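*Asks:* One structure follows; several queries about it will come next.
The values are calculated or read from the model by the stated rules, or taken from the named source; none is laboratory data. Everything numeric here is computed off the predicted structure, so don't read it as measured data. Cβ atoms come from the backbone with ideal geometry, glycine included; neighbour counts cover every protein chain shown. Areas reflect the complete protein model, heavy atoms only, side chains present, ligands, DNA and RNA absent. Shrake-Rupley method; radii C 1.70, N 1.55, O 1.52, S 1.80 Å.
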Amino acid sequence: MWKLKESMLGNDDEEGSREGFLDEEADGFFSLSPMQRIYAFAAFFVAGLACMILSLIVFAKPIKFSVLFTFGNLLAVGSTAFLLGPVQQMRMMFDSSRVYATAIYLGCVVLALICALWIHNKILTIIAIISELCALIWYSLSYIPFARRMVSGLMMRLCDTEL
């Protein structure tokens, strides 16, 4: 709590030894024990999966489906921030090897929400959800070594038109 008070008041008594308020090593306001991190990860991940599964109930109504499905996706992807920490999660998401996958995934999430909540077009919403799901798979594959290269090679072989 002392670090919170110092960071808000701007006391510079010990400039060299002071840590930042949101540093990962900070023992202040935002620290969680390892077990609390695991519980929070599990809770958010299960809530995300529950939203995605419950969205199948309203599949006939694509607008409600897309909002619930997208919210579940964001909960599931965001749950890993409890294990890694939010700063490390952002560093990993925007690493040079997966920055394009992250940008495409986040763009598809925004596109799905725009199609569902603003445009209200069911066909565009379904197309946006399919692209969001493909982008999520591609983003997830970026965390497995050589998985994207293997899937790309497999798709090239399956979709090859030469006989």
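*Asks:* Would you check which residues across the stretch 139-161 are farther than 22 Å from Gly78 by Cα and in a helix (DSSP H, G or I) and list them?
*Replies:* Within the stretch 139-161, Arg149, Met150, Val151, Ser152, Gly153, Leu154, Met155, Met156, Arg157, Leu158 qualify.
*Asks:* Only one residue in Leu136, Leu74, Leu117, Leu113 is of a type outside the set (Ser, Thr, Tyr), at pLDDT 90 or above, in a helix (DSSP H, G or I) and more than 18 Å from the chain's Cα centre (by Cα), so which one is that?
*Replies:* Of the residues listed, the single one that is of a type outside the set (Ser, Thr, Tyr), at pLDDT 90 or above, in a helix (DSSP H, G or I) and more than 18 Å from the chain's Cα centre (by Cα) is Leu117.
*Asks:* Of the residues Ser96, Ser66, which is part of a helix (DSSP H, G or I) and either closer than 30 Å to Pro34 by Cα or open to solvent by less than 40 Å² (accessible area, probe 1.4 Å) (or both)?
*Replies:* Working: Ser96 fails: part of a helix (DSSP H, G or I).
Among Ser96, Ser66, only Ser66 is part of a helix (DSSP H, G or I) and either closer than 30 Å to Pro34 by Cα or open to solvent by less than 40 Å² (accessible area, probe 1.4 Å) (or both).
*Asks:* Next question. Six or more apart or on different chains, Cβ atoms under 6 Å: show the pairs whose first residue is in the stretch 46-68 and without any contact (Cβ under 8 Å) to a residue 24 or more places away in the chain and whose second is basic (Lys, Arg) and open to solvent by 50 Å² or more (accessible area, probe 1.4 Å).
*Replies:* Val58/Lys64
*Asks:* Also, quick follow-up: Return the residue satisfying two criteria in turn: it lies in the stretch 139-163 and is of a type in the set (Phe, Trp, Tyr) and either open to solvent by less than 80 Å² (accessible area, probe 1.4 Å) or within 13 Å of the chain's Cα centre (by Cα) (or both), and of such residues it is nearest to Cys115 (Cα to Cα).
*Replies:* In this case the residue turns out to be Tyr139.
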